[in-house]
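None of the figures in this text is laboratory data; all of them are computed from the coordinates on show. Here the structure is a predicted model, which is why all the values come from computation and not from measurement. A quick note on method: Cβ atoms are made from the backbone with ideal geometry, for glycine too, and the neighbour counts reach across all protein chains shown.
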Amino acid sequence: MDTSVLLFETRAGRLTTPDGAWQFAIKEPRPPLDRWVSKLWELDGTAPPARERELPRGDISLIVNLEGRHAVVDATDPRREHVFKDAWVTGLQERAFLTASGGRAWLCGSRLTV
């Protein structure tokens, strides 16, 4: 197969820690698609409840929740979370935000260029 015609280059792996196990795949587009999509990814695994800070990146993300719980923590009240059961889009961010997850998670998404 001539790989020069493929639109994506794939990296995949598995991470196992005492807290859980994850499988992941990252696909980086080749020209001409790389003008609009900077990355496609998939994550599947389990982990204890956690919050992660997402820093501004200068791109737009589309995240599809295939299984599990994924939420964004309210910026004004950290006790409140906005749960996204199906999908969500982040626009260009001026500041960091927190995501919350835990247990079983199966997510896929894309980072779109501006």
Lys/Arg +1, Asp/Glu -1 at C-beta; segment 23-77 dipole; positive extreme among ILE63, PRO32, ALA50: PRO32
Cα-based radius of gyration of segment 51-114 once divided by 2.2 N^0.38 Å, which approximates compact folds: 1.09
Matching label, log10 I(q)/I(0) by the Debye sum over Cα atoms at q = 0.10, 0.20, 0.23 Å⁻¹ computed from the structure shown, candidates [x] -0.30, -1.06, -1.27; [y] -0.25, -1.11, -1.53; [z] -0.34, -1.19, -1.38: [z]
Charge dipole magnitude, Cβ of K and R +1, D and E -1 - the chain, Cα centre, debye nearest 20: 120 debye
Gained length - THR113 relative to ALA96, 0.36 nm times residue gap less alpha-carbon distance: 4.3 nm
Within a Gaussian network of the chain (alpha carbon springs, distance under 10 Å), most fluctuating of THR17, THR46, THR99: THR17
Residue-span extension gain [THR76 to LEU62] - 0.36 nm each, minus C-alpha spacing: 2.7 nm
